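Student: Please read through the structure below; I'll follow up with questions.
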Amino acid sequence: MRPSPLLLGIGMVAAPATAGTVTVTIPRLNVAEYHKPYVAVWLEPAAGGPARTVALWYDVKKGGNEPGTKWLADLRSWWRKGGRSMAMPANGVSGATRAPGQYRIPLPADLKPGQYVLNVEAARETGGRELVSIPVTVPNGTAQKSGTSELGTVALSAR
């Protein structure tokens, strides 16, 4: 029995190329009223230049008089670096808030070689804010840093 051409084609589908992976850990906090944090992940050239948002997690389904986008300005550093000019939802970048856990985010495949600063910022309703910044070299750079409250370990592996 010969395999069908359709079945052969399934094995040939390649995953999209990436320049590496960012791993973000959102810790479980022992607080009376827990809200999932809004999180922004972006890269900036170390020598200066425009920021590039890699991921943005916010309350995308919140409606009514206070849509979830209203609170994006609480991600103050990201907001100032270009967040305020982004149209939401941003295809391939924005998504829903995440529960505590570890999440892998692919870096864009078209990321040019060079020195960058990876920034991960979290802000939580009735909680705090935190920004973790890590210098990294693309390609072949790895780096890791831990937050102290709203973020756990942030790691980057650039190919």
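Student: Mind scanning K61/K145; K70/K112; K81/K112; K112/K145; K81/K145 and naming the pairs with a C-alpha gap bigger than 25 Å?
Tutor: K61/K145; K70/K112
Student: Of the listed values [x] 62, 40, 33; [y] 49, 31, 29; [z] 63, 32, 31, grab the one calculated as Cα extents along the principal axes in Å from the structure here.
Tutor: [x]
Student: HN-Hα J couplings of region 18-30 from phi, Karplus 6.51/-1.76/1.60, θ = phi - 60°, integer Hz, Gly and Pro as x?
Tutor: 9, 8, x, 9, 9, 10, 10, 10, 9, x, 7, 9, 8
Student: Return the distance in nm (one decimal) between the two label points of a simple spin-label model at Y34 and S77, each offset 7 Å from Cα along Cα→Cβ.
Tutor: The modelled label-to-label distance comes out at 2.4 nm.
Student: Okay, moving on. Quick check: pseudo-label points 7 Å beyond the Cα along Cα→Cβ at A87 and Q102, how many nm apart are they?
Tutor: 3.8
Student: Enumerate the calculated ³J(HN,Hα) couplings along region 135-145 in order (Karplus 6.51 cos²θ - 1.76 cosθ + 1.60, θ = phi - 60°), each rounded to whole Hz, writing x wherever the residue is Gly or Pro.
Tutor: Whole-Hz 3J(HN,Hα) from phi for region 135-145: x, 8, 9, 10, x, 6, x, 10, 7, 8, 8.
Student: Pop out the ³J(HN,Hα) list for region 91-100 in order, Karplus 6.51 cos²θ - 1.76 cosθ + 1.60 with θ = phi - 60°, rounded to Hz; leave Gly and Pro as x.
Tutor: 4, x, 10, 8, x, 6, 4, 10, 6, x
Laboratory data are not the source of any read-out in this text; all were calculated from the coordinates shown. Predicted, not measured: the structure shown is a model, and the values here were computed from it. Glycine gets a Cβ as well: all are built from the backbone with ideal geometry, and neighbour counts include every protein chain shown.
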